[in-house]
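Notes for the one structure printed next.
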């Protein structure tokens, strides 16, 4: 691992753990980066990393390398995971079924905690909402679907959104962003660091449905080509008293840690 900062440590994950990602685009990439890291940790007996969703998840090409478990029957899912653990594999993807556009459909929000109780499982990582591919979003009334007993929740934002118009082409539900922040459209036309930080820190924004017992982390994605934007977002989040902010692209970095 060459002394680099491990992603799960940057996120504050201490195995065994239940992790959930919410917010803008980059959540699936984050989960599959944890799966890739699990392969590096395999000799340390860190346990199986289970990737799943409580909504819907589009599988990236990297998913082809992992076993895929689908089905509504919980006993069958548990049996499949037991078999994967016996085969000494490091990660697997679990869902209830295949949906449109080959997306994996979600499991009930109480299942990830039970999956973590299966001997040999070290981490369950959950994609807990969608963003229609936009880097920044506000949650709808029905989301996010945070799994029960979650340990760490990461709210994701793409650094490339900074300075962009606050409109539907760049932001998922821009009108909801303005409503939560209490500003009119003519007063808030652009995505600024302060807008991002205020929405992420809002109890009905990035922190929505996050239990007090869980650690809350902001993940700034797509940093490699947007370093200055990421630093500006991190500074604003720090001012908003968000505990931990990490940059995530080719490798994770802690930008701010109170």
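Could you check residue 227 against (1) over 20 Å from the mean Cα position of the chain (by Cα); (2) crowded, with 16+ Cβ neighbours inside 10 Å and say which number it fails?
Residue 227 satisfies every listed condition except (2).
Residues are listed down the side, and each one gets a yes or a no for (1) assigned to a strand (DSSP E or B); (2) at pLDDT 95 or above; (3) in contact with a helix residue (DSSP H, G or I) (Cβ under 8 Å, 6 or more places away or on another chain):
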| position | (1), (2), (3) |
| --- | --- |
| 133 | no, no, no |
| 139 | no, yes, yes |
| 144 | no, yes, no |
| 148 | no, yes, yes |
| 160 | no, yes, yes |
| 194 | no, yes, yes |
| 197 | no, yes, yes |
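Please verify whether residue 154 is assigned to a helix (DSSP H, G or I), touching a strand residue (DSSP E or B) at 6+ places or on another chain (Cβ under 7 Å) and crowded, with 16+ Cβ neighbours inside 10 Å, treating the condition exactly as stated.
no
Given the criteria modelled with pLDDT of 95 or more, over 19 Å from the mean Cα position of the chain (by Cα) and assigned to a loop (DSSP other than H, G, I, E, B), does residue 119 qualify?
Considered against the rule, which asks whether it is modelled with pLDDT of 95 or more, over 19 Å from the mean Cα position of the chain (by Cα) and assigned to a loop (DSSP other than H, G, I, E, B), residue 119 comes out as yes.
For the stretch 230-258, enumerate the residues that are assigned to a loop (DSSP other than H, G, I, E, B), surrounded by fewer than 19 Cβ atoms within 10 Å (Cβ to Cβ) and free of Cβ contacts under 8 Å to residues at least 40 places away in the same chain.
243, 250, 258
Only residues that are surrounded by 13 or more Cβ atoms within 10 Å (Cβ to Cβ), within 19 Å of residue 26 (Cα to Cα) and out of contact with any helix residue (DSSP H, G or I) (no Cβ under 8 Å at 6 or more places or on another chain): list them for the stretch 162-191, please.
164, 172, 173, 174
Cβ-Cβ under 6 Å, sequence separation 6+ or interchain: first residue in the stretch 1-15 and farther than 17 Å from residue 29 by Cα, partner at pLDDT below 95 and surrounded by fewer than 21 Cβ atoms within 10 Å (Cβ to Cβ). Which pairs?
1/40; 4/251; 15/46
Taking the condition of being closer than 11 Å to residue 120 by Cα and loosely packed, with under 13 Cβ neighbours inside 10 Å, how many residues in the stretch 88-107 meet it?
1
Being touching a strand residue (DSSP E or B) at 6+ places or on another chain (Cβ under 7 Å), at pLDDT 95 or above and surrounded by fewer than 21 Cβ atoms within 10 Å (Cβ to Cβ) is the requirement here; does residue 17 meet it?
yes
The values are calculated or read from the model by the stated rules, or taken from the named source; none is laboratory data. Bear in mind the structure is a predicted one, so any value in this text is a computation, not a measurement. Don't worry about glycine lacking a Cβ; one is built from the backbone with ideal geometry, like all the others, and counts go over all protein chains shown.
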